[in-house]
Amino acid sequence: MSGAGKMASSPKRYLPKEREENFPYLTKKLYEVTDDESDNYNCIALAAGDKTRWWEPDASGVYYWPIFKREWTVDCLIEMFESLNFQKCRCSLKKRGFEKVTLYHDPVGCIEGISNFGMWHPEVLPNSPTHAAKQLPNGAWQSKLGGWEEIEHRTLKCLNGTDITGKRISYGKPIQILKRDLT
Amino acid sequence: MALVADRIDYYEVPAPYVEKCPEDWWKRGETFEYTDHSFSNADESPSQPEKDFNRLAKKWKNETSGYSSAASMVMHPAYLEIISYGEKMIPYILKDLQQKPSHWFIALKTLAKNYSPVKPEDAGNIKKMTEAWIEWGRKNGKLS
């Protein structure tokens, strides 16, 4: 798995400008690309430690999902991570002996599909999940941006964002931290 | 427009070929042959449905590929428009999948009337899902 080691040794890579623009808090000082763009896995798969499959609770059953319940809700994502021995917690700081995952959600929702910065957002209910990030041993976070690149970002806020009208750009904001005992 | 043969009820022969064909050809006991260049490889310019597919697919990919949820990606109007064309889009989707795996699986399953050739244990494995659909396309004459 790429990550902190790669950050120190090779020249830093960044997202193309048009992708970076989707994340108003993502500045070059705070992140770098750690793996190429790929449709092979998504953020939930990465957070669960699997870079070989796309994890999603889609109703059509096309994608991998390890539990019976298949709903695109924060609760369903929490239930899935709990099945992998994660448990809810409140602190995002790095704690020795634990790995952490953060779930993001869209607090506002969207009543109709909209385009923002070249990215289209479907109609979604408020509080729908948008993203999952995984904490690295150095305390930074690792995210797979959908089918785009995988990045390492220093803070959770890097992927936050709503515009002034409240319409969502980027991944909304963190809603739940989960931790798993590694000992 | 007259049809050259009633048996070809799904295909209307273009006017120039109908004009060349004698009206009583069926009485002569001869075979009348023609070449329809719209089906020939000599002219490789894409057909209108293929042009539409390419345009819609490009728009869909550009605007949704940063999404964590494929189910959200497929709600894009361009993706839904591709599905609305029906089964004739399957060859173009498979051709696109051959070039670069992408999230066409929900469209393919929909267009194949809820059939999926993907083994349950391969769900989510984009490479294996792509291979399964391409193999299915070859077996079913959807992909040359």
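The values are calculated or read from the model by the stated rules, or taken from the named source; none is laboratory data. Since we're looking at a predicted model, the values are computed, not measured. Note: ideal-geometry Cβ built from the backbone for every residue, glycine included; neighbour counts use all protein chains shown.
A few remarks follow.
- Meets criteria (surrounded by 15 or more Cβ atoms within 10 Å (Cβ to Cβ), within 11 Å of another protein chain (Cβ to nearest Cβ), within 23 Å of A:Leu30 (Cβ to Cβ) and at pLDDT 95 or above) for A:Ala140: no
- Residues in the stretch B:89-113 that are in a helix (DSSP H, G or I), within 10 Å of chain A (Cβ to nearest Cβ) and of a type in the set (Lys, Arg): B:Lys109 alone.
- Any hit, the stretch A:70-89, residues being among the basic types (Lys, Arg), loosely packed, with under 15 Cβ neighbours inside 10 Å and over 17 Å from the mean Cα position of the chain (by Cα): no
- Residues that are within 22 Å of A:Lys173 (Cα to Cα), touching a strand residue (DSSP E or B) at 6+ places or on another chain (Cβ under 9 Å), charged (D, E, K, R) and facing chain B (nearest Cβ under 10 Å) do not occur anywhere in the stretch A:90-100.
- Total residues in the stretch B:108-124 satisfying the condition of being surrounded by fewer than 18 Cβ atoms within 10 Å (Cβ to Cβ) and within 20 Å of B:Ser84 (Cβ to Cβ): the figure is 5.
- Counting only strands (runs of 3 or more DSSP E) wholly contained in the stretch A:61-151, the ones carrying 1 or more residues that are among the basic types (Lys, Arg) occupy A:87-89, A:98-106, A:128-135, A:141-144.
- Within the stretch A:156-178, the residues that satisfy the criterion of being among the aliphatic types (A, V, I, L, M) and either at pLDDT below 95 or not in a helix (DSSP H, G or I) (or both) are A:Leu159, A:Ile164, A:Ile169, A:Ile175, A:Ile177, A:Leu178.
- Any hit, the stretch A:57-67, residues being among the polar types (S, T, N, Q), within 11 Å of chain B (Cβ to nearest Cβ) and surrounded by 15 or more Cβ atoms within 10 Å (Cβ to Cβ): yes
- Among the residues of the stretch B:70-85, not a single one is at the interface with another protein chain (Cβ under 8 Å from one of its Cβ atoms), touching a helix residue (DSSP H, G or I) at 6+ places or on another chain (Cβ under 6 Å) and either surrounded by fewer than 18 Cβ atoms within 10 Å (Cβ to Cβ) or more than 27 Å from A:Glu149 (Cα to Cα) (or both).
- Any hit, the stretch B:36-52, residues being more than 9 Å from chain A (Cβ to nearest Cβ), among the aromatic types (Phe, Trp, Tyr), out of contact with any strand residue (DSSP E or B) (no Cβ under 6 Å at 6 or more places or on another chain) and surrounded by fewer than 19 Cβ atoms within 10 Å (Cβ to Cβ): yes
- Meets criteria (touching a helix residue (DSSP H, G or I) at 6+ places or on another chain (Cβ under 8 Å), under 23 Å from B:Gln48 (Cβ atoms) and not in a helix (DSSP H, G or I)) for B:Ser116: no
- Within the stretch A:40-56, residues that are more than 9 Å from chain B (Cβ to nearest Cβ) and on the phi > 0 side of the Ramachandran plot have Cβ atoms under 8 Å from residues that are crowded, with 23+ Cβ neighbours inside 10 Å and of a type in the set (Asp, Glu) in no pair, counting only partners at least 6 apart in sequence or on another chain.
- Lone unmet requirement of (1) under 24 Å from A:Cys110 (Cβ atoms); (2) part of a helix (DSSP H, G or I) for B:Tyr67: (2)
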